[in-house]
Amino acid sequence: MIWNDTMECMTRAEMRKVQSIRLRNVVERVYHNTPFYRKKMQELDITPDDIRSIDDIVKLPFTVKQDLRDNYPFGLMAVPMSEIVRLHASSGTTGKPIVVGYTRKDLNVWSEVVARCLTAYGLSKNDIVQVSYGYGLFTGGLGAHSGIETIGGTVIPMSSGNTQKQIQLMHDFGANGLACTPSYALHLAETIHESGIPLEEFKLKVGVFGAEPWTENMRKDLENKLRIKAYDIYGLTEICGPGVGGECEHQHGTHLWEDHFFPEIIDPDTLQPVEPGQQGELVFTTLTKEGMPMIRYRTRDLTSLTYETCECGRTAVRMDRILGRSDDMLIIRGVNVFPSQVESVILELEEFEPYYMIIVDRINNTDTFEVQVELRSEYYSDGMNRMIALKKKIADRLHNVIGLKPDIKIMEPRSIERSQGKAKHVIDHRKLI
């Protein structure tokens, strides 16, 4: 199913024409209404007249997260606050939060792009969807909520936490869909298993998972444990929240709704565009946002883009899975390590639960690298030889994948904290020194 045939399936030439018109409009608006962007453009000796088509986007300055913090709270708004009808903010744990303002039109666009994603997942007005993303300043809960209402579906606005009640209402209300972080979905699956309620009594068929990187192996794990089809929904607070893109039934990449959010891939070191299909850092320009437009915002997400038409009929560009974030990448003894690589290995091995922590430290000027991983109860044993063999198995596999052999600490079942929102998998004590 396709929600908006016109925008999701237009030709590349038609899309570029739409993008060019919208880019000229947004550049004109920020130049005249946002002092920050006007100053940045003047420093580069650029005026709106220099932007004639989407190809000219490379002339524009980049925006980074620190720019949003420096202009806290409302310095990047492009309309009077009287036109801002909602504020959201990032859930950052350090420094000032990232604040984003939305006009009424912005909220309508947001609802529409989420509706595109949900329709691609096979959800419709006949479905009941439990939203277990957090509500409030975090964009996940209200973003998913409005999209479900837009397609005419029934929302169960649970928010996160209170896991036992989540399970009860999911069962009693007959939820067909579940929207939450993939790590919380794993916790819900575990809790359902422990509840004694047969999985056959649940009506779940679709999972709408996002807000954190997750792997293909985690997808398989979720699909097996919940007997659902698990889909990725992509977004970030600075651009709009969930709904910037979503998978289709073929799951050969995430379709980005490029009529509203123009994507680029750049080399994070040189800041130059890379060739289609090559990996680099994802950059977005919001083409229609009124409240707080973003020009060439560096997401730090590392991925690649594919422009071939998908089997589903959509021509919207597809983004490969997020490998990780350039600012989440750990450099350990000179080797680049992404938490998603560790997670992928753990999920390949049947003996381990998908719960882990990476502990990095520096002792005597040498990096230490420990992976704590939780053993499934049926494999847990007091036998020393058995534990040594399991440690070696996972350490060797990690060494093959990332080029480093970590110290493995096998944890007892249910000893690693379960996440009810975005999962935390890394403690880097080097940053605290």
| field | Any chance LYS205 is open to solvent by 30 Å² or more (accessible area, probe 1.4 Å) and touching a strand residue (DSSP E or B) at 6+ places or on another chain (Cβ under 8 Å) | value | yes
| said: Restricting to the stretch 271-291, give me the number of residues that are of a type in the set (Ser, Thr, Tyr) and either assigned to a strand (DSSP E or B) or at pLDDT below 95 (or both). | reply: 2
| Which condition number in (1) part of a loop (DSSP other than H, G, I, E, B); (2) open to solvent by 10 Å² or more (accessible area, probe 1.4 Å); (3) more than 26 Å from ASP5 (Cβ to Cβ) is the one that MET294 fails? | (2)
| query | Of all residues in the stretch 220-266, how many are within 17 Å of MET292 (Cα to Cα) and either hydroxyl-bearing (Ser, Thr, Tyr) or without any contact (Cβ under 8 Å) to a residue 12 or more places away in the chain (or both)? | reply | 1
| request: Just give me the residues in the stretch 50-89 being touching an Asp or Glu at 6+ places or on another chain (Cβ under 8 Å) and outside any helix (DSSP H, G or I), in sequence order. | output: PRO61, LEU76, ALA78, VAL79
| Can you spot a residue in the stretch 301-316 that is modelled with pLDDT under 95, open to solvent by 50 Å² or more (accessible area, probe 1.4 Å), in a strand (DSSP E or B) and over 18 Å from ARG16 (Cα atoms)? | no
| Looking at the stretch 370-403, which of its residues are open to solvent by less than 20 Å² (accessible area, probe 1.4 Å) and in contact with an Asp or Glu (Cβ under 7 Å, 6 or more places away or on another chain)? | GLU374, LEU375, LEU390
| So which of TYR121, TYR102 ends up being touching a helix residue (DSSP H, G or I) at 6+ places or on another chain (Cβ under 9 Å) and open to solvent by less than 70 Å² (accessible area, probe 1.4 Å)? | TYR102
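Residue-by-condition table, conditions (1) assigned to a strand (DSSP E or B); (2) at pLDDT 90 or above; (3) open to solvent by 30 Å² or more (accessible area, probe 1.4 Å):
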| site | (1), (2), (3) |
| --- | --- |
| GLU343 | no, no, no |
| ILE346 | no, yes, no |
| THR368 | yes, yes, yes |
| PRO413 | no, no, yes |
| SER419 | no, no, no |
| said: If I filter the stretch 230-246 for residues that are surrounded by fewer than 23 Cβ atoms within 10 Å (Cβ to Cβ), more than 14 Å from GLY143 (Cβ to Cβ) and in contact with a Gly (Cβ under 7 Å, 6 or more places away or on another chain), do I get at least one hit? | reply: no
| task | Report, by residue number, each residue of the stretch 212-229 that is in contact with a Ser or Thr (Cβ under 9 Å, 6 or more places away or on another chain), open to solvent by 40 Å² or more (accessible area, probe 1.4 Å) and assigned to a loop (DSSP other than H, G, I, E, B). | result | PRO213
| Among the residues of the stretch 56-78, how many are touching a helix residue (DSSP H, G or I) at 6+ places or on another chain (Cβ under 8 Å), open to solvent by 30 Å² or more (accessible area, probe 1.4 Å) and either without any contact (Cβ under 8 Å) to a residue 24 or more places away in the chain or more than 26 Å from ARG325 (Cβ to Cβ) (or both)? | 2
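The values are calculated or read from the model by the stated rules, or taken from the named source; none is laboratory data. Because the structure is predicted, anything quoted here is derived from the model rather than measured. Positions of Cβ are generated from backbone atoms using ideal geometry, with glycine treated the same way; all protein chains shown enter the neighbour counts. Note: accessible area is taken over every heavy atom of the protein model, side chains too, but ligands, DNA and RNA are not part of it. Shrake-Rupley method; radii C 1.70, N 1.55, O 1.52, S 1.80 Å.
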